[in-house]
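The values are calculated or read from the model by the stated rules, or taken from the named source; none is laboratory data. Given the structure is predicted, the values throughout are model-derived calculations rather than measurements. Glycine gets a Cβ as well: all are built from the backbone with ideal geometry, and neighbour counts include every protein chain shown. Ligands, DNA and RNA are excluded from the accessible area calculation, which covers all protein heavy atoms including side chains. Shrake-Rupley method; radii C 1.70, N 1.55, O 1.52, S 1.80 Å.
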Amino acid sequence: MGPAVIAIAIGRPIEAGAREYWPRRARCLVVLSFCILLSCCGAVRQAVEKEAGPVAEPTTETATTPTEPTPAATTIPEATPVPTPTAVTVNLSGALAECRSAFPDQIAQAVARASCVIKATDLVRPLLPFPELLDRENALRKALAEQVQTRTMSLLERNIQIQKLHSQLLEEERSRLSAAPADGSKPPPLAVTQWRQSNGESCGRLGGDSRTCY
């Protein structure tokens, strides 16, 4: 074999080995570069974390319930007591006069007139020692007024019945007062005296005394 043949035979393997060697070397260089890059990134990250210091944990704020203002103390006004009627404030004669003026017809306006009289005498009720006696008289007064207005009873009969009941009530009052200890130092209010002196025997006649007959 001549030198030329030997050179050709030797050169081909070398050239083929060179072609296989450089790709492997290139791959090694790429992997090495990638490792170096990763190590550099890690070092940079550690340096940044050292400069920033430890990360502060988030603090939990405690919610505080707002304190409601204490309501100011309120003073409840006391109820004003209703004054008890006295002899000075009660004018029975004047109230009855208004009833006679407002309802002059004792037959056609008997119910309205009786209601007005009952309202007027209610002012005397707290002053009486036994107010239930007046209640009995007013109950009869209302019932008789309805009969007079419907013409089922005459005005004369109505007056007679009122006069008799009033006389009985006064007698019962005297009996009950005599059985109970009474304070004789104080005279009765004028309105009470006016009620006691009303509806006398003269009221049993037709018409009667209009000032004291009701």
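Here is how the numbers come out for the structure above:
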{"quantity": "Residue check for residue 137: at pLDDT 95 or above, over 18 Å from residue 213 (Cα atoms), touching a helix residue (DSSP H, G or I) at 6+ places or on another chain (Cβ under 8 Å) and open to solvent by less than 50 Å² (accessible area, probe 1.4 Å)", "calculated": "no"}
{"quantity": "Hits in region 161-214 - residues which are farther than 18 Å from residue 130 by Cβ, open to solvent by less than 40 Å² (accessible area, probe 1.4 Å) and either in contact with a Phe, Trp or Tyr (Cβ under 6 Å, 6 or more places away or on another chain) or not in a loop (DSSP other than H, G, I, E, B) (or both)", "calculated": "162, 163, 203, 204"}
{"quantity": "Some residue of region 148-169 being more than 45 Å from the chain's Cα centre (by Cα) and modelled with pLDDT under 90", "calculated": "no"}
{"quantity": "Long-range neighbours under 8 Å by Cβ, at least six apart or interchain, first residue under 9 Å from residue 92 (Cβ atoms) and modelled with pLDDT of 85 or more within region 179-202, second in a helix (DSSP H, G or I) and β-branched (Val, Ile, Thr)", "calculated": "195/121"}
